[in-house]
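Some notes on the structure that comes next.
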Amino acid sequence: MEKTVFISFPIEELKGIIKDCLTDSFENSKIQGSETDVLMTITETSAFIHLSVQTIYGLVSKRKIPFCKKSKRLYFSKQDIVKWLKQSREKTEEEILEDVDKNFFKNTRKK
């Protein structure tokens with residue numbers, strides 16, 4: 001037979017304990033979730049990046065998109081796809097002007 005124990009806590013202290021437990025649990029789940037990578041099929045990848053399946057096959061054949069191939073099937077790492085998309089980022093006009101200013105003054109020769 002199990003014994004039941006009742007402990008008396010003020011309601012505010014009990015709320016604090018519950019809040020701390022939930023916060024710790026949520027943070028641990030975020031850490032564990034970031035360590036694991038999700039593999040997607042070509043159809044899932046197509047939906048994720050809003051490109052047609054045919055376009056993705058073309059990118060794979062040109063080796064322009066990161067992929068894994070196992071048993072004649074293509075898989076895509078969600079983390080790799082996000083990283084690939086971020087590498088394709090275009091600079092803003094402000095960033096281009098900053099680069100021009102930086103490189104212009106860096107490459108001018110003193111006579």
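The values are calculated or read from the model by the stated rules, or taken from the named source; none is laboratory data. Here the structure is a predicted model, which means the values were calculated and not measured. Ideal geometry is used to build each Cβ from the backbone, glycine not excepted, and the neighbour counts take in all protein chains shown.
Just checking, how many residues over region 49-106 are outside any helix (DSSP H, G or I) and either of a type outside the set (Gly, Ala, Ser) or surrounded by 10 or more Cβ atoms within 10 Å (Cβ to Cβ) (or both)?
21
Scan region 10-42 for residues that are assigned to a helix (DSSP H, G or I), modelled with pLDDT of 70 or more and either of a type in the set (Gly, Ala, Ser) or under 30 Å from Arg73 (Cβ atoms) (or both) and jot them down.
Listed by number, the residues that qualify are Gly16, Ser25, Ile42.
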